[in-house]
Amino acid sequence: AVTSARKFGANQFVAMTVAGALIYPTIIQLKTDAVTTTFFGIPVTMMSYTSTVIPIILAVWVMSYVEKFFNRHVHESVKNFVTPLIALITIVPLTLIVFGPIGVTSGDLIAAFILKVLAFNPILAGAFIAGVWQVLVIFGIHWGVVPIFINNIATKGYDYIKPATAPAIFAQAGASFGVMLRSKNKKLKTLAGSTGITALFGITEPAVYGVTLRLKRPFIAAVISAAVGGGIVGHFGSVAVASGPPGLLTLPVFIGDSMTAFYGLLIGVGVSFFLSMVLTYILGFEDDPIEKEAEKNVRASTDMTIPSPVSGQIVSLEKVSDSVFASGAMGQGFAVVPTEGKVIAPVSGQVTAIFASKHAIGIRSENGMEILIHVGIDTVRLDGTHFELHVAQDQKIEPGDVLITFDIESIQAEGYDIITPVIFTNLSEERHITIDQDQISVSEYNKPAFA
């Protein structure tokens, strides 16, 4: 309930209350006693929700739309308690009558279908799942499969699908190490080595987006190698008995009743890793994309002074509650507590990135400086509500052009922090930012970080 609410932008506390209703003792007893149950004359098919995940995901997804509708139409003075009340009295009955039975039944059917495929030809099933897994991850589609893992483990005590994803993880690690061994570009070798280590522990995004997909051939090598390893895992009938991203530290989650199946998984991921590394080395790749990126970073070493793109109180990034921004992992910058719902272009340049949710924008100045302006924290969940975008991708901009307008009060009323990070994403290492309440300067590293 909590993670679904975060994903869909719903109230987490109301989502937990809906989940609590599904597992309330008297509701469970109705299922246990096989009592005929109706709701205002509508028959209710009682299900057991104590070990399911799909029903609550469906419920919270629908609830997110109910909340957004009533937050827009209920008066500010009462919506903080009226909207949750309406959400509860509509979503709980709907879940028990509609979403719950659909979710439980569909989850069982999907799991049964996949198990039948695995039983029919586990080698082909394992190869297919492992081969397409990282492609699904790129598009975010894999999150639709994850609940099936969890549901199988919760209801059956094991899952056959999750082990087939492990070779895909190790194949990306192998491809990264293959790039490290072959590349003559010092920066690329360092990047590939570090992201390869990260991938070995289950986090493949840095390797995929920073190395393999970017260079194309290593990603293809990883997909082929993952399919080979997935076929091996499928052949041995490996299982997962607990959740966790596949990686070196989580290999014990694949120890089931059969040690032979576990050894088969180890063979599968090992083959995927080494085959991917060798194929990447043989197929080769072009170092130029990384060189061009380095050239772009060099261009961003020019001194410049700009106004804040958002009116308000300027604070250091450390004040931002999001650790990714606060740590400087995305780059140097500052944050603004807005007093006006408007983002203004601080430089002449071009729009390089726009988001469907309208909450953030990327621009590049004429001298190559790249700036990301991100309105609020987690406001992507609002899906564009309370935001208006006034420019298009690749549009030329001049200082003072309006980029985004947003409703500060409405965003805050929905429980979001409105603090706005402004990040310089491609500063060279010898540059530093000096900030006061009137202007922001980028220059040689010879001043305090915050003036």
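The values are calculated or read from the model by the stated rules, or taken from the named source; none is laboratory data. Not measured: the values here are computed from a predicted model. Here Cβ is always computed from backbone atoms with ideal geometry, including for glycine, and neighbour counts include all displayed protein chains.
Answer yes or no as to whether S225 is surrounded by fewer than 17 Cβ atoms within 10 Å (Cβ to Cβ) and either more than 17 Å from G270 (Cβ to Cβ) or among the small types (G, A, S) (or both). Criteria not met by S225.
Looking across region 345-373, just one residue is aliphatic (A, V, I, L, M), modelled with pLDDT of 90 or more and either assigned to a loop (DSSP other than H, G, I, E, B) or surrounded by fewer than 19 Cβ atoms within 10 Å (Cβ to Cβ) (or both), and that is A345.
Give region 314-333 a look and list any residue that's part of a loop (DSSP other than H, G, I, E, B) and either closer than 15 Å to G376 by Cβ or in contact (Cβ under 8 Å) with a residue 24 or more places away in the chain (or both), or say none. Once the filter is applied, which keeps residues that are part of a loop (DSSP other than H, G, I, E, B) and either closer than 15 Å to G376 by Cβ or in contact (Cβ under 8 Å) with a residue 24 or more places away in the chain (or both), region 314-333 yields S316, V320, S321, D322, M330, G331.
Answer yes or no as to whether L213 is touching a residue at least 24 places away in the same chain (Cβ under 8 Å), in contact with a Phe, Trp or Tyr (Cβ under 7 Å, 6 or more places away or on another chain) and closer than 18 Å to F285 by Cβ.
In short, yes.
Here's a check for you: in region 421-438, which residue that is outside any strand (DSSP E or B) and touching a Gly at 6+ places or on another chain (Cβ under 8 Å) is modelled with the highest pLDDT? Before you say what the answer is, go through the steps one by one.
Here is the first cut: in region 421-438, the residues outside any strand (DSSP E or B) are 425-430, 436-438.
Subset that is touching a Gly at 6+ places or on another chain (Cβ under 8 Å): 425-427.
Numbers: T425: 81, N426: 78, L427: 72.
That would be T425.
If you go through region 203-254 and keep only what is touching a helix residue (DSSP H, G or I) at 6+ places or on another chain (Cβ under 6 Å), within 23 Å of L188 (Cβ to Cβ) and outside any helix (DSSP H, G or I), you end up with just T204. Of I377, I397, all but one fail to be over 30 Å from P84 (Cβ atoms) and among the β-branched types (V, I, T); the exception is I397. Selection of region 177-187 for residues being at pLDDT 85 or above and assigned to a helix (DSSP H, G or I) yields F177, G178, V179, M180, L181, R182.
Yes or no, residue by residue, for (1) touching a Ser or Thr at 6+ places or on another chain (Cβ under 7 Å); (2) surrounded by fewer than 19 Cβ atoms within 10 Å (Cβ to Cβ); (3) in contact (Cβ under 8 Å) with a residue 40 or more places away in the chain; (4) under 19 Å from V179 (Cβ atoms):
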{"residue": "P246", "(1), (2), (3), (4)": "yes, no, yes, no"}
{"residue": "P252", "(1), (2), (3), (4)": "no, yes, no, no"}
{"residue": "D257", "(1), (2), (3), (4)": "no, yes, no, no"}
{"residue": "T260", "(1), (2), (3), (4)": "no, yes, no, no"}
{"residue": "L266", "(1), (2), (3), (4)": "no, yes, no, no"}
{"residue": "S272", "(1), (2), (3), (4)": "yes, no, yes, yes"}
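The residue list I418, I411 contains one member that is farther than 17 Å from L317 by Cα and either part of a loop (DSSP other than H, G, I, E, B) or modelled with pLDDT of 90 or more (or both), which is I411.
For F170, indicate whether it is surrounded by fewer than 24 Cβ atoms within 10 Å (Cβ to Cβ), out of contact with any Cys (no Cβ under 9 Å at 6 or more places or on another chain) and farther than 13 Å from F285 by Cβ.
Values: surrounded by fewer than 24 Cβ atoms within 10 Å (Cβ to Cβ): no; out of contact with any Cys (no Cβ under 9 Å at 6 or more places or on another chain): yes; farther than 13 Å from F285 by Cβ: yes.
No, not satisfied.
Would you mention how many residues in region 279-313 are assigned to a helix (DSSP H, G or I), among the hydrophobic types (A, V, I, L, M, F, W, C) and at pLDDT below 85? Outline the logic, then answer.
Within region 279-313, the subset assigned to a helix (DSSP H, G or I) is 279-283, 288-299.
Narrowing further to those that are among the hydrophobic types (A, V, I, L, M, F, W, C): 279, 282-283, 290, 294, 298.
Right, trim to at pLDDT below 85 and you get 290, 294, 298.
Count: 3.
Of the residues in region 387-404, at least one is in contact with a helix residue (DSSP H, G or I) (Cβ under 9 Å, 6 or more places away or on another chain), farther than 17 Å from L427 by Cβ and without any contact (Cβ under 8 Å) to a residue 40 or more places away in the chain. Of all the numbered requirements in (1) at negative phi; (2) modelled with pLDDT of 85 or more, G202 misses one, and that requirement is (1).
Test L215 against the stated conditions and say whether it is aliphatic (A, V, I, L, M) and touching an Asp or Glu at 6+ places or on another chain (Cβ under 9 Å). Yes. Is it fair to say A199 is buried (at least 22 other Cβ atoms within 10 Å of the Cβ) and either within 21 Å of T280 (Cα to Cα) or outside the structural domain of R6 (by TED's automatic domain parsing) (or both)? Yes; evaluated as a whole, the condition is true for this residue. Candidates T155, T165, T190: the one that is in the same structural domain as V278 (by TED's automatic domain parsing), assigned to a helix (DSSP H, G or I), hydroxyl-bearing (S, T, Y) and farther than 21 Å from A119 by Cα is T190.
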